[in-house]
Amino acid sequence: MRRFEGLSVLVSGAAGGFGRSIARAFAAEGAKLLLTDLDEAALEAAAKDIPDTEIATLAGDVSREATAKTLVETAIARFGKLDIAINNAGVVHAYERLSAIDAAEAERVIAIDLMGVFYAMKHQLAAMEARFAREGRGGTIVNVASVAGLKGAPLLSVYAAAKHGVVGLTRSAAAETARRGIRVNAVCPSFARTAMVLGDDADADSEDEKRIVRGIPMRRLAEVEEVVAAVLFAADPANGFMTGTVLPVDGGLSAI
Ligand SMILES: NC(=O)c1ccc[n+]([C@@H]2O[C@H](COP(=O)([O-])OP(=O)(O)OC[C@H]3O[C@@H](n4cnc5c(N)ncnc54)[C@H](O)[C@@H]3O)[C@@H](O)[C@H]2O)c1
């Protein structure tokens, strides 16, 4: 029996980076998928790339509450339930000292990375709580935060603030819903080999990569699949007692 057979899974930011690989991994484990992203063309391409799976797509901006509401309604209309939600969509701002960060850029990062997760959780939890009241089954949420949600991140202060906020939402909601059949956890990757970190330059020997890995005990970036494995672990129904957990996947960075 595959780990997520027949479960309905919502993944945001599914057109690229972690999200695309998370979607593929859930599909391989038997899930039905509702995929969302701002980039509609890339979202459709990502969905087409996943074989033999029931998939719905809905493009939208996670920084708008209406998107969160529509996504939950769509999951329920299409699959009859929302078992698992992976709140993964996110952006980063340019590396700048806090004193140089443009206020509009800061607001954009907070709107997508923090408010986006708040809106998503608000509507996902309402649906999961209602299901628990009806059927005695809730659901599971995994938020993709960052090691910048656990420690200061020089030159990424607003991103770090947003991700600390996601950790706060995760822990608080986990405590609120622990007796309603709902688990809420966060995964906190350090730098991984995605467009967010490398841009279009995926060259393993790039100067950017050398600079980034200098502070990581394992002296390398995360592989996308290593982050995906942690997301599926957190979502796995076999992990029934794990809630409010904030799981670093960071080559030892948060250990020092
Ligand atoms: N890559 C890393 O090193 C790293 C490290 C720690 C945490 N993270 C977090 O992991 C998550 C995924 O990052 P990634 O590296 O895969 O990035 P990515 O840029 O490769 O992919 C992010 C996806 O989110 C989508 N997106 C952006 N803004 C959106 C919006 N407003 N509404 C809907 N979708 C939107 C993008 O179109 C893209 O497909 C993010 O939350 C990021 O903060 C990444």
Quiz prompt | Among (1) outside any loop (DSSP other than H, G, I, E, B); (2) within 15 Å of the ligand (Cβ to nearest atom); (3) surrounded by fewer than 23 Cβ atoms within 10 Å (Cβ to Cβ) - the single one Ala56 does not satisfy | solution = (2)
Quiz item: Does Gly30 qualify as being farther than 30 Å from Leu155 by Cα and assigned to a loop (DSSP other than H, G, I, E, B)?
Solution: yes
Quiz item: Can we say Arg193 is within 24 Å of Val11 (Cα to Cα), charged (D, E, K, R) and touching a residue at least 40 places away in the same chain (Cβ under 8 Å)?
Solution: no
Self-check item: Number of the condition not met by Thr67 [criteria: (1) in contact with a Gly (Cβ under 8 Å, 6 or more places away or on another chain); (2) closer than 23 Å to Thr140 by Cα; (3) open to solvent by 30 Å² or more (accessible area, probe 1.4 Å)]
Solution: (3)
Self-check item: Which listed residue is open to solvent by 60 Å² or more (accessible area, probe 1.4 Å) and small (Gly, Ala, Ser), from Ala47, Ala85, Ala77
Solution: Ala77
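I'd like to check something: does the stretch 193-201 contain any residue that is at pLDDT 95 or above, within 27 Å of Val213 (Cβ to Cβ) and surrounded by fewer than 21 Cβ atoms within 10 Å (Cβ to Cβ)?
No, the stretch 193-201 has no match at all.
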Quiz item: Just checking, which of Ala173, Ala178, Ala195 is more than 19 Å from Ile256 (Cβ to Cβ), out of contact with any helix residue (DSSP H, G or I) (no Cβ under 9 Å at 6 or more places or on another chain) and of a type in the set (A, V, I, L, M, F, W, C)?
Solution: Ala178
Quiz item: Quick one: in the stretch 1-26, which of the residues that are more than 10 Å from the ligand (Cβ to nearest atom) and open to solvent by 10 Å² or more (accessible area, probe 1.4 Å) is farthest from Val117 (Cα to Cα)?
Solution: Met1
Quiz item: Out of the stretch 27-48, which residues are of a type in the set (A, V, I, L, M, F, W, C), away from the ligand (no atom under 13 Å from the Cβ) and touching a helix residue (DSSP H, G or I) at 6+ places or on another chain (Cβ under 7 Å)?
Solution: Leu33, Leu34
Exercise. Return yes or no: is Thr140 closer than 18 Å to Thr243 by Cβ and open to solvent by 10 Å² or more (accessible area, probe 1.4 Å)?
Key: yes
Quiz prompt | So Ala89, is it aliphatic (A, V, I, L, M), in contact (Cβ under 8 Å) with a residue 40 or more places away in the chain and within 15 Å of the ligand (Cβ to nearest atom) | solution = yes
Quiz item: Hey, does the stretch 154-173 have a residue that's closer than 24 Å to Gly252 by Cβ, more than 14 Å from the chain's Cα centre (by Cα) and away from the ligand (no atom under 16 Å from the Cβ)?
Solution: yes
Practice problem: Taking the residues in the stretch 214-256 that are among the hydrophobic types (A, V, I, L, M, F, W, C) and open to solvent by 80 Å² or more (accessible area, probe 1.4 Å) as candidates, determine which candidate is nearest to the chain's Cα centre (by Cα). | Solution: Phe233
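The values are calculated or read from the model by the stated rules, or taken from the named source; none is laboratory data. Treat the numbers as computed from the prediction; the structure is a model and nothing was measured. A quick note on method: Cβ atoms are made from the backbone with ideal geometry, for glycine too, and the neighbour counts reach across all protein chains shown. Ligands, DNA and RNA are excluded from the accessible area calculation, which covers all protein heavy atoms including side chains. Shrake-Rupley method; radii C 1.70, N 1.55, O 1.52, S 1.80 Å.
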